[in-house]
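A.B. asks: My structure is below; once you've seen it, I'll send some questions.
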Amino acid sequence: MTYLVFGGLGHVGSWIAHDLVERGDSVTIFDSGAAAFDRLGYDYLLPYRDQIHLEDVDVLDTHTLFERMRAYEGKIDAVIFGVAVIAGPNFAKRPFRNIEINTTGMLNVIEACRIIGVPKFVNLSSGAVYGNAPGGQTEETSYLATDLYCATKISNEVLALQYGSTYDIDVRNARLFAVYGPGKLPSRMHQLYQVLFGPLEGLKNISSPAGGDQAMDWTHVRDTAQGVINVLDAKDAGGESFNISCGVAFSHKDIVRSVSEILGVDSNVSLGPGAFLDRGAPLNISKARSLLGFTPRFSDIREGLIDYRNWLQK
């Protein structure tokens, strides 16, 4: 099978690309960072470097995007769209640009899919489409936008599904939640991520202004990538949405405590009161379990944290 992975050098996208090429699929990564691939430190992709095609394309550059996608016309079994500016306090600082990347970027790609006849489109959405609805949200829970990032993800789902029904494209939404794990250095992430996972990298004396009273559905990136591939592979799933997460809400204070126990040292990190993101958790993943056979490997976050530490130590 031949797949184009947009945002394939992002955290989740890189593992999706890895798992697809590892099982023998033909993978092309479309990513504006493709020219810097050899400097990104993706040790898990390096063994497959000669098997992965790279396209250095910005999803907002419509002409280049269409030209490079057209080079694969008639050969593409599916497009996986994972380009996104992630949720966090910085999203609202450059609203128009970030909304452009998330939503106009998705529209540019699915429009190219329509023109060249790509049969399947997997949209990497988010549990943010439920806003701050109480945890246990199922795929039937109503949309609720509580910030601009939520709005982009809701918009993308609605637009993608309408493209699917109007132009006979098999569109599927994979609703992800907070992702952690190999492939991402905590030191390059927002404050909450640094507090929770930074000590595994050796960071100390980090603080976050909020998040101490929150529990979130933190999902290991390998589980996230596998869940997306399950959505991709599922039969008769066109027009469907699936929650892809750990399905467990982990207290941020408990994560900090677990990291300290694993390292055997207190890294002097601190969490301010309240919530860092206005979200409810965990997602209900019963649909993905029953229809996709999705079972998170790292449902015990301590095992996930140990795996993350081992990667960072390398």
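The values are calculated or read from the model by the stated rules, or taken from the named source; none is laboratory data. All of these numbers come straight from a predicted model, not from anything done at the bench. Cβ sites come from the backbone with ideal geometry, for glycine too, and all protein chains shown count toward neighbours. Protein only, heavy atoms only, side chains kept; ligands, DNA and RNA dropped before computing areas. Shrake-Rupley method; radii C 1.70, N 1.55, O 1.52, S 1.80 Å.
A.B. asks: Among the residues of the stretch 242-254, is there at least one that is modelled with pLDDT of 95 or more, open to solvent by 30 Å² or more (accessible area, probe 1.4 Å) and under 30 Å from Pro119 (Cα atoms)?
C.D. replies: no
A.B. asks: With within 22 Å of Ala151 (Cα to Cα) and within 21 Å of the chain's Cα centre (by Cα) as the only criterion, which of Val5, Val85, Val57 stands out?
C.D. replies: Val85
A.B. asks: Residue under question is His53, and the condition is that it be open to solvent by 60 Å² or more (accessible area, probe 1.4 Å) and in a strand (DSSP E or B); does it hold?
C.D. replies: yes
A.B. asks: Condition first: among the polar types (S, T, N, Q), open to solvent by less than 30 Å² (accessible area, probe 1.4 Å), closer than 24 Å to Pro182 by Cα and under 19 Å from the mean Cα position of the chain (by Cα). Now tell me which residues in the stretch 207-241 satisfy that.
C.D. replies: If the condition is that a residue be among the polar types (S, T, N, Q), open to solvent by less than 30 Å² (accessible area, probe 1.4 Å), closer than 24 Å to Pro182 by Cα and under 19 Å from the mean Cα position of the chain (by Cα), then Thr219, Thr224, Asn230 are the ones that fit.
A.B. asks: Could you say which residue among Ser26, Ser14 is in contact with a strand residue (DSSP E or B) (Cβ under 9 Å, 6 or more places away or on another chain) and under 20 Å from Leu185 (Cβ atoms)?
C.D. replies: Ser14
A.B. asks: Separate question: Return the only residue of Ile101, Ile80, Ile29 being within 16 Å of the chain's Cα centre (by Cα), under 27 Å from Arg114 (Cα atoms), open to solvent by 20 Å² or more (accessible area, probe 1.4 Å) and not acidic (Asp, Glu).
C.D. replies: So the residue among Ile101, Ile80, Ile29 that is within 16 Å of the chain's Cα centre (by Cα), under 27 Å from Arg114 (Cα atoms), open to solvent by 20 Å² or more (accessible area, probe 1.4 Å) and not acidic (Asp, Glu) is Ile101.
A.B. asks: Of everything in the stretch 173-205, what is polar (S, T, N, Q) and either open to solvent by 10 Å² or more (accessible area, probe 1.4 Å) or assigned to a helix (DSSP H, G or I) (or both)? Give them in sequence order.
C.D. replies: Ser187, Gln191, Gln194, Asn205 - these are the residues of the stretch 173-205 that are polar (S, T, N, Q) and either open to solvent by 10 Å² or more (accessible area, probe 1.4 Å) or assigned to a helix (DSSP H, G or I) (or both).
A.B. asks: Please give the number of the condition Ile76 fails out of (1) touching a Ser or Thr at 6+ places or on another chain (Cβ under 9 Å); (2) in a strand (DSSP E or B).
C.D. replies: Going through the list (1) touching a Ser or Thr at 6+ places or on another chain (Cβ under 9 Å); (2) in a strand (DSSP E or B), Ile76 breaks only (2).
A.B. asks: Filter the stretch 284-314 for residues that are touching a residue at least 60 places away in the same chain (Cβ under 8 Å) and assigned to a loop (DSSP other than H, G, I, E, B); which is most open to solvent (accessible area, probe 1.4 Å)?
C.D. replies: This residue is Lys314.
Yes/no matrix, rows are residues, columns are (1) surrounded by fewer than 18 Cβ atoms within 10 Å (Cβ to Cβ); (2) aliphatic (A, V, I, L, M); (3) in contact with a His (Cβ under 7 Å, 6 or more places away or on another chain):
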position: Ala84; (1), (2), (3): no, yes, no
position: Ala92; (1), (2), (3): yes, yes, no
position: Lys120; (1), (2), (3): no, no, no
position: Gly127; (1), (2), (3): no, no, no
position: Pro134; (1), (2), (3): yes, no, no
